[in-house]
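The values are calculated or read from the model by the stated rules, or taken from the named source; none is laboratory data. Since this is a predicted model, take the numbers as computed values, not measurements. Please note: Cβ atoms are built from the backbone with ideal geometry, for glycine as well, and neighbour counts cover all protein chains shown. The accessibility values were calculated without ligands, DNA or RNA, using every heavy atom of the protein model including side chains. Shrake-Rupley method; radii C 1.70, N 1.55, O 1.52, S 1.80 Å.
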Amino acid sequence: MTGTCIRNARLYLGAGRWESGSLFVRDGRIAARGVDGAIAQLCDDATEIVDARGASVLPGFHDTHTHPVLGGIALLGIDLTPVHDADAYHRLIRAYAAAHPELEVIEGSGWYGDVYPGGTPTRWMLDELVPDRPAILTSHDAHGVWVNSAALAAAGVADDVPDPAGGRFVRDERGRLTGLLLDAAQAAIAGIRPTARAGLVEDGIRAAQERLHAVGITSWHDAAVGPSELGPDSFDAYLALDASGELRTRVALCQWWDRERGLEQIAGFEERRERVRGTRRLRARIVKVMQDGVIENRTAAMLEPYRDDPGNRGESFIEPARLNELVAALDARGFDVHLHAVGDRAVRECLDAVQHAREVNGPTGGRHQIAHVDIVAPGDLPRFAALDVTANVQMLWARLDAEVVERKLPGIRAGAARSHFPFGSLLAHGARLAGGSDWPVSDPNPLWAIHTGATRLAPRPIRTPRPPRSPSRCCRGGHRGRRRPRRLHRRRGLGRPARERDRHTGARLRGRCRDPRPRHLERRGSRPRQRRRDVPRRRAALTPVPISTRNAGVVGGASPRTRHPSGVVTSHLLHFGRRHPRSADAGTRE
């Protein structure tokens, strides 16, 4: 029988159950599983045999918050994400501009501000690299664009331009525009962006699909579908790819809420929801609402002023009364609301809006989410469970890298740093967590996110083929036997509570496991001495073994460029050694 047989594997069956044996895959679907001998009888000379050598085979991951169009198009232009150095950025930009003299506007994305003095680049830097035409470079988090003087001139943006609602033009001490446009201010240069060539969005989705499949993500939420400052409308492109069979991924389309319009746009959301009802892989029952910006830019809405900017508490993009009204209206018409809230004030306003919708509409079955939740006021922690709101978290962000230490923590209130990304406190109060990468803001590899969620450390290359002994409970998404939230497809991960955890964040306590500070911030001799019994004896190694199936969902940490000779970009095996450790429990949630 022609197909693929994965033998000698540890199979994760869900709800913490594991089984040793084989899988038989036919036409991209799991056709059978069982002991090696029984599955071997299904094989013939044409069957592809993959020896897992005791590796664990996991179902595919669902990414509940990602921007595949933005990330995919970035892979087609100047992609700055592979490097993290100002000089390296400049070399890539200069080389791309020199290689493409035919382009009227140079575009790219993926830069980090922490590589520049003061945390932000300037237009004068970019003028030296691209002096002859507009250049527009989107930041890694898509909350800012870096432009040169030619771009400002072409867009007609002068130093006296007022800041828009929900955005800001960064200026120097003399009041001059520095070339950094934050959030809604990005709309000022929308008119000079080159008209998207035919098929660009489709090509971006194809590139994103390859990238995400390569790290084991087999379905996702696209968190910005519709015209927005984050990129072009991708709705029709998704329909076309689904109709042609090129879309091999289930996608929940989060329709973008235009803050300049009102409730009249809901009729358009309903029309799109009906258009995808008969498709195989698309759903459009979710609406994305932006309530604030990000802490790094001091645009996140905070309860207290920023420590380094005492007059600034950030901005609520939508007035709370209006937010209450729109969330209630969407809830009444059967939409789930996906709310962006980073600061504690924005989180509270979003919880208030959901509470208002529950009071006005009663139980409607709406599966509402609040994404990011970097800072949550202690009094709001129990409200997630009480209101049945899912916390959509980006676990890879929960580490002390230079971006956080130098640009984020100096601005938030004293004591808030300890409860930064409060996964542990949310779980302790009964909240439900769902994991998302927010790619291309950060890497989409779910295993990296699980590692950081468990340890508060950045993932590192590991040489020995054995896993850590205590993966974090937070990578289970807070599963408590409830298959929620609906319309998130499936999200699976390994997990088990660790013994020594911070009660707010869930992070391993310093001195009990590895020191949570990044190595580049340590001073010699400052690392606390560890007792040998506290040092993990095993470390994980990600050994990519490509297989020719789409839905087996085997996960690993291989290079995103890895492809099977058949041309199908799939998943990979996670090598856990020949014997699966008893300490690796697992959880499943939907």
* Which helices (runs of 4 or more DSSP H) sit wholly inside the range 334-431 and have at least 2 residues that are surrounded by fewer than 21 Cβ atoms within 10 Å (Cβ to Cβ) and of a type in the set (D, E, K, R)? -> 344-361
* To do: Output the number of the condition that GLY231 fails; it satisfies all remaining conditions of (1) touching a residue at least 60 places away in the same chain (Cβ under 8 Å); (2) out of contact with any Leu (no Cβ under 7 Å at 6 or more places or on another chain).
  => (2)
* Asked: Can you name every residue in the range 309-324 that is small (Gly, Ala, Ser) and either in contact with a Phe, Trp or Tyr (Cβ under 7 Å, 6 or more places away or on another chain) or in a loop (DSSP other than H, G, I, E, B) (or both)?
  -> GLY311, GLY314, SER316
* Structure fact -> Of the residues in the range 1-16, those that are at pLDDT 90 or above and open to solvent by 70 Å² or more (accessible area, probe 1.4 Å) come to ARG7
* Among residues of the range 36-87, those that are open to solvent by 50 Å² or more (accessible area, probe 1.4 Å) and at pLDDT 90 or above, counted -> 5
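So, of the residues in the range 290-308 that are part of a loop (DSSP other than H, G, I, E, B) and in contact with a strand residue (DSSP E or B) (Cβ under 7 Å, 6 or more places away or on another chain), which turns out to be surrounded by the fewest Cβ atoms within 10 Å (Cβ to Cβ)? Break it down into steps so the answer makes sense when it comes.
Just the residues of the range 290-308 that are part of a loop (DSSP other than H, G, I, E, B), to begin with: 291-305, 307-308.
Add one more test, that the residue is in contact with a strand residue (DSSP E or B) (Cβ under 7 Å, 6 or more places away or on another chain), and what stays is 291-293, 297-299.
Details: GLN291: 28, ASP292: 27, GLY293: 27, ASN297: 24, ARG298: 22, THR299: 24.
It comes out as ARG298.
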* Check the range 133-144 and report whether any residue there is part of a loop (DSSP other than H, G, I, E, B) and open to solvent by 50 Å² or more (accessible area, probe 1.4 Å). => no
* Asked: Of all residues in the range 77-105, which are out of contact with any helix residue (DSSP H, G or I) (no Cβ under 6 Å at 6 or more places or on another chain) and touching a residue at least 40 places away in the same chain (Cβ under 8 Å)?
  -> THR81, LEU103, GLU104, VAL105
* Among the residues of the range 432-461, count how many are at pLDDT 90 or above, in a loop (DSSP other than H, G, I, E, B) and under 17 Å from HIS372 (Cβ atoms). => 5
* Could you check the range 4-120 for helices (runs of 4 or more DSSP H) lying wholly inside it with 1 or more residues that are of a type in the set (Ser, Thr, Tyr)? => 86-99
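State all residues of the range 19-46 that are touching a Phe, Trp or Tyr at 6+ places or on another chain (Cβ under 8 Å) and either farther than 26 Å from THR249 by Cα or among the β-branched types (Val, Ile, Thr) (or both); if no residue qualifies, say none.
Passing the criteria: ILE30, ILE39, LEU42, CYS43.
Taking the stated definitions as given, is GLN255 at pLDDT 95 or above and over 19 Å from LEU76 (Cβ atoms)?
Numbers: at pLDDT 95 or above: yes; over 19 Å from LEU76 (Cβ atoms): yes.
Answer is yes for this residue.
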* Asked: Is there any pair with a first residue in the range 336-351 that is closer than 10 Å to GLN291 by Cβ and β-branched (Val, Ile, Thr) and a second that is open to solvent by 10 Å² or more (accessible area, probe 1.4 Å) and not in a helix (DSSP H, G or I) whose Cβ atoms are under 6 Å apart and which are 6 or more apart or on different chains, and what are they?
  -> VAL342/VAL294
* Structure fact -> Across (1) in a loop (DSSP other than H, G, I, E, B); (2) open to solvent by 30 Å² or more (accessible area, probe 1.4 Å); (3) of a type in the set (D, E, K, R), GLU128 clears everything bar (1)
* Can ARG280 be described as outside any helix (DSSP H, G or I), of a type outside the set (S, T, N, Q) and touching a residue at least 12 places away in the same chain (Cβ under 8 Å)? -> yes
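In the list ALA150, ALA158, ALA142, which residue meets the criterion of being closer than 30 Å to PRO68 by Cα and modelled with pLDDT of 90 or more? Walk me through how you get there before you give the answer.
Details: ALA158 fails: closer than 30 Å to PRO68 by Cα; ALA142 fails: modelled with pLDDT of 90 or more.
Only one candidate qualifies: ALA150.
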* Structure fact -> For the range 268-289 the number of residues that are of a type in the set (D, E, K, R) and either closer than 19 Å to ARG367 by Cβ or open to solvent by less than 50 Å² (accessible area, probe 1.4 Å) (or both) is 8
* Does GLY231 meet the test of being at pLDDT below 90 and within 19 Å of the chain's Cα centre (by Cα)? -> yes
